[in-house]
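This report refers to the structure that appears directly beneath it.
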Amino acid sequence: MRSIWRTLDAELWRGVLAIAVAAVVNGLSFGAISVAAGTPVWVPVVMSLLVFAGGSQYLAVGVVAAGGNPVAAVLGGLILNARHLPFGLAVGQLIGTSWPARLVGSHLMVDESVAFAMAEPDPRRARASFWACGAALFVAWNVGVLGGALTGQLVSDPAVLGLDAVFPAIMLALVLPSLTDSAKLRPALLGGAIALATTPFLPAGVPVLLSLVGLIAVPRRVKEAA
């Protein structure tokens, strides 16, 4: 294992550090917003330790804070994290064969750690990149969330933090890289239109689930390729 870590150069470590700093800032925002929205301090902290999925955590807290059903929040999080299934197929061989390695590696399998691993053609460097990025993000995110949750107790009005704008902005940031392809843009636009049309009439969180109807707009050639 020590020889694997030695394969990581300074440039890669700088990239990991940059991602970790961004995770701290994002974690501070999530922790502060969660507590200011009315959740106890331990909720975002425990959620970050056990779930470790920023997009799903933002979605869950956003739905509950808006008065939505917790079941809708959980379903939305599961759907959002469904992308981890192909992630596992892509990097499963890099995680290891022992059960402890698989359990810990699966927990650290986020967009960034997968991206770092897939960018390395050498399997040894790819494995080290995955573990380095995943571990750094886990520590940085949880430190940020804890600090943000403690700070959030000092904010009495969640509106001061822009609660109504932060969650949509985070969700948009997650999908923007995929919208450069017209084949993916059409389903996204249809799903967004459905969500906007049903928001005034349905409980918070349900329109997000109904937006999945937009998948019917996926071109046939894309479905066949999948």
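Couple of notes before you dig in:
- Among the residues of segment 62-76, those that are within 22 Å of Gly191 (Cα to Cα), surrounded by 20 or more Cβ atoms within 10 Å (Cβ to Cβ) and of a type outside the set (Val, Ile, Thr) comprise Gly62, Gly68, Ala72, Ala73, Gly76.
- Of all the numbered requirements in (1) touching a helix residue (DSSP H, G or I) at 6+ places or on another chain (Cβ under 7 Å); (2) under 18 Å from Phe138 (Cα atoms); (3) in contact (Cβ under 8 Å) with a residue 24 or more places away in the chain, Val35 misses one, and that requirement is (2).
- Single residue of Leu108, Leu103 found to be under 23 Å from Gln57 (Cα atoms) and surrounded by fewer than 15 Cβ atoms within 10 Å (Cβ to Cβ): Leu103
- On inspection, Ala72 qualifies as touching a Gly at 6+ places or on another chain (Cβ under 6 Å) and either outside the structural domain of Ser106 (by TED's automatic domain parsing) or among the hydrophobic types (A, V, I, L, M, F, W, C) (or both).
- From Gly192, Gly144, residue being at pLDDT 65 or above and crowded, with 18+ Cβ neighbours inside 10 Å: Gly144
- Residue in segment 79-100 that is surrounded by the fewest Cβ atoms within 10 Å (Cβ to Cβ), counting only those that are in a helix (DSSP H, G or I) and small (Gly, Ala, Ser): Ala82
- Among all positions in segment 45-61, there is at least one residue which is in a helix (DSSP H, G or I), surrounded by fewer than 16 Cβ atoms within 10 Å (Cβ to Cβ) and free of Cβ contacts under 8 Å to residues at least 12 places away in the same chain.
- Residue match in segment 102-124 (condition: in a helix (DSSP H, G or I), without any contact (Cβ under 8 Å) to a residue 24 or more places away in the chain, more than 17 Å from Ala18 (Cα to Cα) and not hydrophobic (A, V, I, L, M, F, W, C)): yes
- Residue check for Phe138: of a type outside the set (Val, Ile, Thr) and closer than 14 Å to Trp13 by Cβ: no
- Matching residues in segment 118-141 - criterion: being surrounded by fewer than 18 Cβ atoms within 10 Å (Cβ to Cβ) and at pLDDT below 90: Met118, Ala119, Pro121, Asp122, Pro123, Arg124
The values are calculated or read from the model by the stated rules, or taken from the named source; none is laboratory data. Values in this document were obtained by computation on a predicted structure and should not be read as measured data. Quick reminder, even Gly has a Cβ in these numbers, built from the backbone with ideal geometry, and neighbours come from all protein chains shown.
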